[in-house]
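Undergrad: First the structure, then my questions, so here it is.
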Amino acid sequence: MAEANKPHVVTTAPPQVEFPCEEWLATRTPQGELVSVEPIPGTWTLIAAEDRRRFADKGMNIKAFFACPRCRQMGIIPEGFKPPTELGDAKLATELHCRKCRFTCRVILKNWDKRRLYCACYQTYDGKKYHTHKEYFHAEYEGEAEKFFWAQHSLLEVANLIGIAPVIGFFLQDNKTDQVLVV
Ligand SMILES: [Zn+2]
């Protein structure tokens with residue numbers, strides 16, 4: 001009978017959860033400074049070089065964000081983070097223990113190695129003048145970046161595609177020549 005009074009302990013390994021790389025909606029000041037981001041639960045996102053520089057200026061070391069699959073609580077992945085990778089996916093040796101909702105899992109960051117941030121610079125024409133736009137997204141290589149771009153924009157809308165290039169450096173801070181893509 002003593003057996004029945006023992007607490008029943010179930011030990012299960014935490015589930016392994018894949019975090020795909022997604023674009024998160026960012027809110028910025030007119031000066032382009034990041035104000036807030038909308039985390040997508042269970043995903044990670046790369047931070048643009050310019051934002052990383054701004055974080056670094058404030059003493060923050062941030063390369064990427066990820067969000068808890070259950071409650072969207074945001075975590076930070078610092079520069080220099082070198083997890084063991086397998087076919088381009090990063091496997092975190094440590095488990096994620098969400099401080100907010102207590103969710104626990106082993107994290108796999110999908111495409112950690114392969115994906116990088118690209119910037120497309122393009123112009124639209126409203127009948128009177130040209131407007132220059134910049135758009136950021138992740139892709140594995142330039143051809144894929146171009147495919148993503150044209151999946152979201154039509155030839156009617158885009159008057160002139162100036163270029164698509166990996167984001168590894170800084171953009172010129174001169175508004176008059178903002179259409180020049182520097183990588
Ligand atoms: Zn959570």
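Undergrad: If a residue must be over 26 Å from Gly88 (Cβ atoms), part of a loop (DSSP other than H, G, I, E, B) and not hydroxyl-bearing (Ser, Thr, Tyr), how many such residues does region 16-65 contain?
TA: Selection size over region 16-65: 7.
Undergrad: In region 1-25, how many are hydrophobic (A, V, I, L, M, F, W, C) and modelled with pLDDT under 85? Write out each step before concluding.
TA: Step one: filter region 1-25 for residues hydrophobic (A, V, I, L, M, F, W, C), giving 1-2, 4, 9-10, 13, 17, 19, 21, 24-25.
Restricting the remaining residues to those that are modelled with pLDDT under 85 gives 1-2, 4, 9-10, 13.
Here the count works out to 6.
Undergrad: Quick check on my filter: what residues within region 97-107 are closer than 12 Å to Pro69 by Cα and either within 8 Å of the ligand (Cβ to nearest atom) or in contact (Cβ under 8 Å) with a residue 40 or more places away in the chain (or both)?
TA: Kept after step one, since they are closer than 12 Å to Pro69 by Cα, are these residues of region 97-107: 97-98, 100-107.
Listed by number, the residues that qualify are Cys98, Lys100, Cys101, Arg102, Phe103, Thr104, Cys105, Arg106, Val107.
Undergrad: What single numbered condition from (1) closer than 25 Å to Phe55 by Cα; (2) away from the ligand (no atom under 16 Å from the Cβ) fails to hold for Leu92?
TA: Leu92 satisfies every listed condition except (2).
Undergrad: Next question, about the same structure. Do we have any residue at all in region 66-75 that's assigned to a strand (DSSP E or B), within 16 Å of the ligand (Cβ to nearest atom) and basic (Lys, Arg)? If you could, list the steps in order and put the result at the bottom.
TA: Pass one, region 66-75, residues assigned to a strand (DSSP E or B): 66-67, 74-75.
From what's left, within 16 Å of the ligand (Cβ to nearest atom): 66-67, 74-75.
From what's left, basic (Lys, Arg): none.
Checked against the condition, which is being assigned to a strand (DSSP E or B), within 16 Å of the ligand (Cβ to nearest atom) and basic (Lys, Arg), region 66-75 yields no hits at all.
The values are calculated or read from the model by the stated rules, or taken from the named source; none is laboratory data. Given the structure is predicted, the values throughout are model-derived calculations rather than measurements. Cβ: placed from backbone, ideal geometry, glycine included. Neighbour counts: every protein chain shown.
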